[in-house]
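See below for the structure under consideration.
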Amino acid sequence: MTKEVFLKELREDLENYEVNDIDEIIAYFDEMIEDKKDNGMDEEVIIDSLDSPKEIALVLKGKEVKEEEIREGEYEMCDGRVRYTKEATDLLSISIDIADDEIKVTRGDDDNLYVIFEEKENDHYKIKEKDRGSKLKIEKNTPPIFNIFNSKERALLELILPSGYSGELKIETVSGNIEGSDLKLRKLRAETVSGDVVIENCDIEDLKVQAVSGDIEVKDVRAVSLKVDNVSGDSEIDVKADFIKTESVSGDLIIDIKGEEKDYAIYYDKLMKDYKLRTELKDQKHLKMESVSGAIDYHFTA
């Protein structure tokens, strides 16, 4: 969503809920967005980080804000677990925000979205929609921080995407593992703190994987842009991509690139020493690797 569309919808919702000082509110958000853009943030990222225009209008009117629970869809028991089914032909983006469960995402063979999970007392998932159903959010009530790192058995959240879904997916967790396979997406963000991440057999235009102490595996992936950030875990990458950037502090980087070395501008920074193997031409593919104390091992296969 652009700034112009956001401000237009915000004005409409402010008028609909009869909020006072509408011009001043619009001017405030306009200036705030421009300030963030001046600091280098992308306009789309800024807008996405804000509440929806309707939510902002409701807050300013002093009413309770509730994201709308999805009404269309069916809940049923499947092998002792809950399965939620929804036709998702208009879906553009999905986000998952879970503290400590395992997350597994695959692609199905029909036009439905399936969310499968175990429902427990005082420990349940919420499935919500925004922007007229084009955005879906899956979250779970977060336990107290001292429970997150307990050694209890983790639950499993399974997400089966519609066969034709090629939008955006964002997954955030603290200690849970993330697994994605057989996906075809425009954008995927997978972020965890202490869990491991495995992305396998996927076509993803823009892929970013981030972990702190967990290991990262990117196997048999086709992408335009790939970014892998790790701190102390190891990263093992098998990819065909035009732009590859990998960063680590103490973890090892093992990178297998499907392509010819002569096509890439290759650069790495090891122990604060820059080493550029080839001039970075504007139209050339890029491979950039950075590590402080971890090993860097890369090679190309035709």
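Laboratory data are not the source of any read-out in this text; all were calculated from the coordinates shown. Everything numeric in this text was worked out from a predicted model, so none of it was measured. Note that we place each Cβ from the backbone using ideal geometry, even for glycine, and neighbour counts take in every protein chain shown.
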Residue span Asn16 to Val224: 0.36 nm per residue of separation minus Cα-Cα distance leaves a gain in nm of 70.6 nm
With only alpha-carbon atoms counted, please give the Rg and Dmax of the chain, in Å. 21.6, 64
Run the simple label-point estimate for Asp238 and Arg83 please: 7 Å along Cα→C-beta, distance reported in nm. 3.1 nm
With +1 on the Cβ of every Lys and Arg and -1 on the Cβ of every Asp and Glu, the dipole magnitude of the chain about its Cα centre, in debye rounded to the nearest 20, is 640 debye
Setting aside same-chain residues fewer than 8 positions from Lys285, which lysines have a Cα under 19 Å from its Cα? Lys208, Lys227, Lys240, Lys245, Lys258, Lys262, Lys276
Lys258 and Glu24 label points (each 7 Å along its Cα→Cβ direction) are spaced in nm at 5.9 nm
Net lengthening on full extension, Lys3/Leu156 (0.36 nm per residue, minus Cα-Cα): 51.3 nm
